[in-house]
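Here the structure comes first, spelled out in structure tokens, and everything after it is commentary.
Since every read-out is calculated from the coordinates, none of them should be taken as a lab result. Keep in mind that this is a model prediction, so the values were computed, not measured. Heads up, the Cβs are rebuilt from the backbone with ideal geometry, glycines too, and the neighbour counts pull from every protein chain shown.
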Amino acid sequence: MAPTDMAVIDMEGNQPHRPVLLDEALHWLAVKPGGRYVDCTLGRGGHATAILRQGGQVLGLDADPTAIRETEGGLATAFPGSGPAGGPPFIIVQAYFDRLEAVAGEQRFAPVDGVLFDLGVSSPQLEDAARGFSFSKEGPLDMRFDPSQGEPAETLVNHASVDELARIFRDYGEEPQARKMARAIEAARAIEPIRTTARLAEVIERAAGGRGRIHPATRIFQALRIGTNRELARLQSALEQAVRILIRGGRLVVISFHSLEDRIVKTFLAQEARSCICPPHTPVCICGHQATVRILTRKPVTPGSAEVAANPRSRSAKLRAAERI
Ligand SMILES: C[S@@+](CC[C@H](N)C(=O)[O-])C[C@H]1O[C@@H](n2cnc3c(N)ncnc32)[C@H](O)[C@@H]1O
């Protein structure tokens, strides 16, 4: 795979960061000029820029209005009027990606040649204290990708029962001391509601008895973010929709950053690649399920040491790809 020197273009035409597994994503998407690709997690537009540079057309979705605003300007400057009928070769829509099928239909962009997901939170989101994604920056406990929809993380933290919090920490954070952390939150919020990232991090650190190599709030913040944005349910639904809008031979590429996401992707692809999903030992097939994809990556593709050294955040990335049949 020849490395590309493509990276995100910002409003000033600068290239401040290189997206994770960029060459690999382009390779597995098999981008072809004139092809249609949905980037379900537009972010700063790094992957989308690379697809556009290879002559693809892009429908870019992101739930985050700030990401949409900042990326739209950069793309408009970089790719003016080179799409069909002289318009720009991209369409940008602010939406959670579990609206993929509806948005692609509304934009008359389906069927498509490829669908890309680069899941999770972006560096600009983590760095913006006001978004509340990071325990190392004091800010409100918000964590919504789209701050105009749903309830902020603060609502869960201050109003969910101990059982509910423990379930969230266990299921979405794989936190071994889920109940202990939930109880610590219950005790702290009884004194005063927990409104900031810093106070929550402090409560968790005290309950954990200090910091280890990884801050004890890491798993708790991940769990709250996943719960607040219903990330896993949205991913499951979006994967199903992606397969439905792909043409035969079209590609689905998913980059995930933690085991829960990767498990959903792996299980989904394994199921979609099978022609019968009846329980084992069922004598005759009763499900009627037909395989819809061929898995292209037997094992997940991971970044090389050079990428991890240049961008430590990429170290947990796993890419899986499949082809619609
Ligand atoms: C890791 S960043 C993507 C970075 C992007 N590939 C780039 O090159 O700049 C993930 C983006 O996905 C968005 N996102 C996460 N979950 C989403 C969802 N369910 N629906 C829509 N956007 C989502 C986030 O707002 C964030 O901007």
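Points to keep in mind about this one:
- Short-range pairs are left out: with C-alpha atoms under 8 Å and at least six residues apart, the relative contact order of region 84-183 is 10 percent.
- The C-alpha radius of gyration of region 285-325, expressed as a fraction of 2.2 N^0.38 Å, stands at 1.77.
- Of every Cα-Cα pair in the chain, the percent that sits beyond 29 Å: 41
- Across the alpha-carbon atoms of region 174-214, the computed radius of gyration and Dmax are 10.2, 30 angstrom.
- Treating r as the C-beta distance of Lys32 and Glu164 and R0 as 56 Å, the FRET efficiency rounds to 0.75.
- Fewest-first ordering of Ile245, Ile51, Ile286 by other beta carbons within 10 Å of each residue's beta carbon gives Ile286, Ile245, Ile51.
- Spatial offset of region 60-113 relative to region 259-304 amounts to 30 Å, using the alpha carbon center of each.
- Region 127-229, Rg to Rh (Cα coordinates; Rh as Kirkwood inverse mean 1/r): 0.92
- In loop segments of region 225-325 as defined by DSSP, the trypsin sites (Lys or Arg not before Pro) with at most 15 further C-beta atoms inside 10 Å of their C-beta are Arg230, Arg274, Arg298.
- Secondary-structure-derived ellipticity at 222 nm for the chain, considering helices only, amounts to -12500 deg cm²/dmol, per-run term -39500 (n - 2.57) for DSSP H runs with n ≥ 4.
- In this structure, the amide hydrogen of Val38, modeled 1.01 Å from its nitrogen in the peptide plane, lies closer than 5 angstrom to those of Leu59, Gly114, Val115, Leu116, counting only residues at least 5 positions away or on a different chain.
- Take every DSSP beta bridge whose two residues both sit in the chain; close to 40 percent of them are antiparallel.
- Taking the longest Cα principal axis of the chain as reference, the axis of helix 178-191 is set at about 60 degrees.
- The GluC sites (Glu not before Pro) found in region 91-141 that occupy coil by DSSP, while having at most 14 further C-beta atoms within 10 Å, are Glu138.
- Least to most buried among Val203, Val157 (fewest other Cβ within 10 Å first): Val203, Val157
- Once the gyration tensor of the Cα atoms in region 218-279 is diagonalised, the equivalent ellipsoid follows with semi-axes of 25, 14, 10 Å, ordered largest first.
- Residues Phe79, Phe135 arranged by fewest to most Cβ contacts within 10 Å: Phe79, Phe135
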